[in-house]
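Peer 1: One structure, pasted below without further comment.
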């Protein structure tokens, strides 16, 4: 039985390959990767395209564009090879690149299974199934330096894996438009306290929400 080919949107491809979305579109426009049309996302990329993206930008500072294209030709001729010689001095670990992409691709699939949006729940924001915890909030906390332990202390319904999946899911599904207000997400302020912000005594309200 032949397994179905997984298709990725440019944003999903960027999240899995850890290449900037702009670079993904640039690679498509320059035909570094070939794409197909998908009703779901327009431009669609496959696992093979992600491997090309990963290697194209991974060795970009070492090999010229012409040598990178020759590297791809060699990989196409030897699809089962673990390593490929790019030139007289450089050997590329293709197996490790495939392994890394496979792990991140599986993480994205896992995230898609446990994250959803429900009309009327937290303003329709994506949440973890069985909770009212906004996924983008968790990902934002990680970006701002919060540790997984600190997040789990504040959200005991989550697991370390869920926190990890929030990051790749958010990268693969960037929010559109302006961030929603707390009231739009079905959240409310629980407490407010004032903190000094300057020597002049300027003060600003800050609060927590639920």
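What follows is calculated from the coordinates using simple rules that are stated; it is not laboratory data. None of these values were measured; they are calculated from a predicted model. Using ideal geometry, Cβ is built from the backbone for each residue, glycine included, and neighbour counts are taken over all protein chains shown.
Peer 1: Can you give me the three principal axis dimensions of segment 117-178 from its C-alpha atoms, in Å, biggest first?
Peer 2: 30, 22, 17
Peer 1: From the square roots a ≥ b ≥ c of the eigenvalues of the alpha-carbon gyration tensor of segment 10-110, which class results: rounded (a/c under 1.5), prolate (a/b over b/c), or oblate?
Peer 2: prolate
Peer 1: Full extension from residue 102 to residue 160: what is 0.36 nm times the residue separation minus their Cα-Cα distance, to one decimal in nm?
Peer 2: 18.9 nm
Peer 1: Can I ask one more? Using alpha carbon centroids, what distance separates segment 104-156 and segment 48-101, in Å?
Peer 2: 34
Peer 1: Taking R0 as 41 Å, what's the FRET efficiency between residue 59 and residue 118 from their Cβ-Cβ distance, rounded to 0.05?
Peer 2: The calculated FRET efficiency here is 0.40.
Peer 1: Okay, next question. Mind giving me the FRET efficiency for residue 36 and residue 150? R0 is 41 Å, r the Cβ-Cβ distance, nearest 0.05 is fine.
Peer 2: Efficiency at R0 = 41 Å is approximately 0.45.
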